[in-house]
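One structure below.
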Amino acid sequence: MALRHEGIKCIFNSRFDQAIGFFSRAIQCNPSAARLRIDRGVALRKSSQFVAALDDFTAVTSTQENKEGFVDIDAGDTEKTVINSKIENGIEDRPRSVLTGWDEAAIGPQGEHDQNKSDGSVKSSSTGHLPLSFSGHKLHRKASTTTDAIIIHEMKIRASPQEVQEAAYQRDLTYNDFGLFLLRHGQAAEALPYFSLAIQFQPSNSTFFLNRSDCKRELLDFDGALKDLRCAHSLSPATNIFQSAMFSLLNEMGLKAASEGRWVDSVSHFDEAISCAHSPTAAIFFNRGNAHLNLFDHRKAAKDFSTCLDICPDFSAASAQLSQLGHIV
């Protein structure tokens, strides 16, 4: 297994293309080893080659159990090639990307695998992932004669139940990472189904819900974004990032309602934002004060403007509003 060991060393040194080459050569020597396909899939995911990574993981997860506790996978007589979808800086510096598993010495499944029926969910295709597009073009698998070419001969891949479970976990991370990749390249609509697939297979992963919430927010689906945030918070109630994200989203929803003249809804959103924040900002009280003012509730408006000034004495707009209300309240 010298080739696999070389590939692992390349992974730890972030030389992902070289790792792919070593794993591919190892697969040619031992084409029935599911472990090698999982390793190569991890390297492909980390190099932003998501389509090929999904191919490797799906090849292991698309199985039927046999009586020996192993599963046989008929890989068929197909050719797969690593796609050229990398970007200059990759995606390794992105926040909230789930990169646990292989590079922490042992990949282990986390969470359960019940079906999720939240908005935006999709069913996986027979190949395990969706038709792909990027910047308006299909991502084709380009034939290559170099070591990045992935050839699967007609044979049976043997995978233990643990390897199948591990491949499924890595597949779900790939769905999430692909969604993040598309979202950060302005393709929120294309990203949404990938987050939904990740959630469908791992409905207990709060990070996946948080990422899909960001995606829905980008698509101006504020109600859907809030629903996903609440799910994320219920799964990890002690995580502060969810409360911060919910505060920001509810404030944005309050401002949107105010811009549309829906003052009651606006106040309701600001109320919830204030209640979920550990330390509400001066601006949120100013925003709610303006909503109260448009509902002609001058006393509540004055109270909010006063609270705003208590938090930030230099908030001139709140001071001006309070001065105008002085002769009314």
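Taking the mean number of other Cβ atoms within 10 Å as a proxy for protection, how do you rank 308-317, 158-167 from highest to lowest? Display every interim value, and only then the final one.
On the way: 308-317: 14.9, 158-167: 19.6.
The peptides rank, most packed first, as 158-167, 308-317.
What are the ³J(HN,Hα) values, in whole Hz, obtained from phi via the Karplus relation 6.51 cos²θ - 1.76 cosθ + 1.60 with θ = phi - 60°, for each residue of the stretch 5-16 in sequence order, with x given for Gly and Pro?
Ordered by residue, 3J(HN,Hα) equals 4, 5, x, 5, 4, 5, 4, 5, 9, 6, 9, 6 Hz.
Under Stokes-Einstein, with the Kirkwood radius over Cα pairs standing in for Rh, what whole-number D in µm²/s applies to the stretch 151-264 at 20 °C and 1.002 mPa s? All intermediate terms of the calculation are to be shown ahead of the outcome.
Numbers: Rh = 15.7 Å.
Translational D for this selection: 137 µm²/s.
Which whole-Hz couplings ³J(HN,Hα) result when phi for each residue of the stretch 246-252 is put into the Karplus expression 6.51 cos²θ - 1.76 cosθ + 1.60, θ = phi - 60°, listed in order with x for Gly and Pro?
5, 4, 4, 5, 5, 4, 5
Can you give me the accessible area per residue for the stretch 219-300, using a 1.4 Å probe, in Å²? Don't skip to the answer; put the middle values down first.
Working: 4100 Å² over 82 residues.
With all protein chains present, the stretch 219-300 gives 50 Å² per residue.
Too long at a 23 Å Cα-Cα cut-off: which of K227/K256; K9/K46; K216/K256; K9/K156?
Values: K227/K256 17 Å; K9/K46 14 Å; K216/K256 15 Å; K9/K156 28 Å.
Long pairs (Cα-Cα over 23 Å): K9/K156.
What are the ³J(HN,Hα) values, in whole Hz, obtained from phi via the Karplus relation 6.51 cos²θ - 1.76 cosθ + 1.60 with θ = phi - 60°, for each residue of the stretch 194-211 in sequence order, with x given for Gly and Pro?
Calculated HN-Hα couplings, in order: 6, 4, 5, 5, 4, 5, 4, 8, 10, x, 9, 8, 5, 5, 4, 5, 5, 5 Hz.
Considering only protein heavy atoms and a probe of 1.4 Å, how much of the accessible area of the stretch 151-253 is carbon and sulfur, as a whole percent?
Values: 1880 of 3590 Å².
Percent of accessible area from carbon and sulfur atoms in the stretch 151-253: 52.
Tell me the per residue accessible area of the stretch 6-55 using a 1.4 Å probe; a whole number in Å² is fine.
Details: 1510 Å² over 50 residues.
Per residue, the stretch 6-55 has 30 Å² of solvent-accessible surface.
In nm, give the distance between the simple-model label positions of E218 and D310, each being 7 Å from the Cα along the Cα-to-Cβ direction.
About 3.9 nm, to one decimal.
Once R0 is set to 35 Å, what does the formula 1/(1 + (r/R0)^6) return for the Cβ-Cβ distance between A238 and E260, expressed as a FRET efficiency to the nearest 0.05?
Once rounded, the FRET efficiency stands at 0.50.
List the residues whose amide H sits under 5 Å from the amide H of S204, counting only those 5 or more places along or on another chain, with H placed 1.01 Å from N in the peptide plane.
Those qualifying (amide H under 5 Å, at least 5 residues apart or on another chain) are E112.
The values are calculated or read from the model by the stated rules, or taken from the named source; none is laboratory data. In this text the structure is predicted, and so the values were computed from the model without any measurement. Note that each Cβ is placed from the backbone with ideal geometry, even for glycine, and that neighbours are counted across all protein chains shown. The protein model used for the area step is the full one, side chains on, heavy atoms only, and it has no ligands, DNA or RNA in it. Shrake-Rupley method; radii C 1.70, N 1.55, O 1.52, S 1.80 Å.
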